[in-house]
Amino acid sequence: MFKIKPPSDELLLQKFKRTENLDFLGQLYERYMHLVYGVCLKYLKNKDEAQDAVMSIFEKISKELLTKEVDSFKPWLYVVAKNLCLMQLRSEQSKNKLIKEYENNSLHFMESEDELHLNSNEWEPNSLDERLKECLEKLREQQRSCIELFYFKELCYKEISENLNLDIKKVKSYIQNGKRNLKNCIEAKT
């Protein structure tokens, strides 16, 4: 008896490009899925993230192969897997950097310190740092109102919008600009 030789990578790739039938690509990808998983595990060092990456890579190549000319599938797939993992790691590093910058921000205390982030709905200016009180008073009325409602009354943007009869985009803008103005004012007083 003759064994039926499985179709070559090139043939499966041609069939996928011609028909856009994912079954052909799936058959091809399945041959190298364990290698892709190994690459992802090597870089991401997390089984769940590696498994997710294997699925993301399949989605990515199913689109890319329709427009790219690939001579040798296996080495090309390795590069795609490696690059996707490296991009994911860079993205995580960027997020971590932003989080650290946020934590080091001089206004971070407004959102984290117990005496400032009140659990009750009572706002007690006496418990605030004197510089903060002075700087709050220097803010324009709408900025100050939005800051107080957001940080001290813990209202969401929608609630502030309804209370002050302002568009939500305006509320976000007043809070963002108010935080920046507070930061500048407090830094000027130190």
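Computed from the coordinates by the stated procedures, all read-outs in this text should not be read as laboratory data. Because the structure is predicted, anything quoted here is derived from the model rather than measured. All Cβ positions, glycine included, derive from the backbone under ideal geometry; neighbour counts span all protein chains shown.
A simple charge model with +1 on the Cβ of Lys and Arg, -1 on the Cβ of Asp and Glu and nothing else charged puts the dipole of the stretch 1-51 at about 200 debye relative to its Cα centre. Entry note, the stretch 9-103: relative contact order of 29 percent, from Cα contacts under 8 Å with a spacing of 6+ residues. Length gained on full extension, THR67 to GLN27: 12.4 nm, using 0.36 nm per residue less the C-alpha separation. Cross-link partners of LYS17 among lysines, defined as those whose alpha carbon lies under 19 angstrom from its own and excluding same-chain residues fewer than eight positions apart: LYS60, LYS63, LYS68, LYS74.
A Cβ-based charge dipole, computed about the Cα centre of the stretch 9-103 with Lys and Arg at +1 and Asp and Glu at -1, lands at about 240 debye. Classify the stretch 1-72 from the C-alpha gyration tensor, please: rounded if a/c falls under 1.5, else prolate or oblate depending on whether a/b exceeds b/c. It comes out oblate by the Cα gyration axes. The alpha-carbon of LYS138 sits under 23 angstrom from the alpha-carbons of these lysines, leaving out residues fewer than 8 places away in its chain: LYS153, LYS169, LYS170, LYS172, LYS179, LYS183, LYS189. Comparing VAL80, PHE16, SER94 along the charge dipole axis of the stretch 9-103, the residue lying farthest to the positive side is SER94, per the Cβ-charge model. For the pair LYS74 and SER8, label points projected 7 Å from Cα toward Cβ lie 1.4 nm apart.
The LYS153 and LYS95 beta-carbon pair, evaluated with R₀ = 30 Å, returns a calculated FRET efficiency of approximately 0.55. A simple spin-label model places the labels of ASN184 and GLN51 5.1 nm from each other, with each point 7 Å out along Cα-to-Cβ. Applying 1/(1 + (r/R0)^6) with R0 = 25 Å to the Cβ-Cβ distance of GLU20 and LYS42 gives a FRET efficiency near 0.20.
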